[in-house]
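The structure under discussion appears below in the form of structure tokens.
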Amino acid sequence: MKVAILTTGGTFDKVYFDANSEYSIGEPCISSILDEGNVTSDYRVQSILKKDSLDITQEEREIIKNAVKNCEEDKIIITHGTDTMIETAKCLENIENKTIVLTGSMQPARFRKTDAIFNSGFAYAAAVSLENGVYIAMSGRVFRSDNVRKNIDLGKFENKT
């Protein structure tokens, strides 16, 4: 079973240049993360965007949606910034016959202390295990796209209800 991994940027792939928080979105990190984790199943990585999720437009969400629809794989992971991950997940809800898992990180993958490594593996396991649908996999929890919110104060995702 081949997994498609679509990258869109976000904190996951941020590269910081100085103490003033100047950053850019770098090359996707997920291939090296999965390689270091000794993931031996078949996957491919495609970079779609390199943007902070706050800057993703509705037109760009349509680009993401079309990329998902055009994937020959039915297991898809999308790395995405956490601020608008839910909006993108909702945009994908009417895609049928695919398991779509969005994940991201609160700290860049290039930092020594990061959740990107764990979230990558967790999202991979979720994508190959879950039924068709759209999910968010963060911090050891899986949420359906229609029942999730980001708790900004606590810096985590949680069920809406």
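Relative contact order (percent) for the stretch 1-134, with alpha-carbon contacts under 8 angstrom and 6 or more residues of separation?
Working: 254 pairs, mean separation 42.3, N = 134.
Reported relative contact order: 32 percent.
Jot down the per residue volume, in cubic angstrom and as a whole number, of the convex hull over the alpha-carbon atoms of the chain.
110
Within the set of other residues whose C-beta is less than 12 Å from the C-beta of Ala109, count the net charge using Lys and Arg as +1 and Asp and Glu as -1.
Within the 12 Å Cβ shell, the charges total 0.
Just to confirm my numbers, what's the Cα centroid distance between the stretch 128-160 and the stretch 29-108 in Å?
14
Mean projection of the alpha-carbon convex hull of the stretch 77-161 over all orientations, in nm²? Could you put the intermediate results ahead of the total?
Values: hull surface 21.4 nm².
So the mean shadow area of the Cα hull is 5.4 nm².
For the chain, give the magnitude of the charge dipole about the Cα centre (Cβ charges: +1 Lys/Arg, -1 Asp/Glu; no others), in debye to the nearest 20. All intermediate terms of the calculation are to be shown ahead of the outcome.
Numbers: 20 positive and 24 negative charges, 69 e Å.
Approximately 320 debye in magnitude.
Could you run the Karplus curve 6.51 cos²θ - 1.76 cosθ + 1.60 with θ = phi - 60° over the stretch 97-112 and give me ³J(HN,Hα) per residue in whole Hz, x for Gly and Pro?
6, 9, 9, 10, 10, 9, 8, x, 8, 8, 10, x, 4, 6, 7, 5
Along the Cα→Cβ direction, 7 angstrom out, place labels at Asn70 and Leu154. What is the inter-label distance in nm?
Inter-label distance under the simple model: 4.0 nm.
In whole Hz, with x marking every Gly and Pro, tabulate ³J(HN,Hα) for the stretch 36-42 from phi via Karplus 6.51 cos²θ - 1.76 cosθ + 1.60, θ = phi - 60°.
5, x, 6, 6, 10, 6, 7
Per residue of the stretch 47-62, what does 6.51 cos²θ - 1.76 cosθ + 1.60 with θ = phi - 60° give for ³J(HN,Hα)? Whole Hz please, x for Gly and Pro, Karplus curve as stated.
Once rounded to whole Hz, the list reads 7, 9, 9, 9, 9, 5, 5, 5, 9, 6, 8, 4, 4, 6, 5, 5.
Under a crude label model (7 Å from the Cα following the beta-carbon direction), how far is Asn147 from Lys113 in nanometres?
Placing both labels 7 Å along Cα→Cβ, they lie 3.3 nm apart.
Run the paramagnetic zone check for Glu93: 7 angstrom along Cα to Cβ, then residues of the stretch 116-156 with backbone nitrogen under 11 Å.
Answer for this model: 134, 145-148.
Computed from the coordinates by the stated procedures, all read-outs in this text should not be read as laboratory data. Here the structure is a predicted model, which is why all the values come from computation and not from measurement. Neighbour counts run over all protein chains shown; Cβ positions are idealised from the backbone, glycine included.
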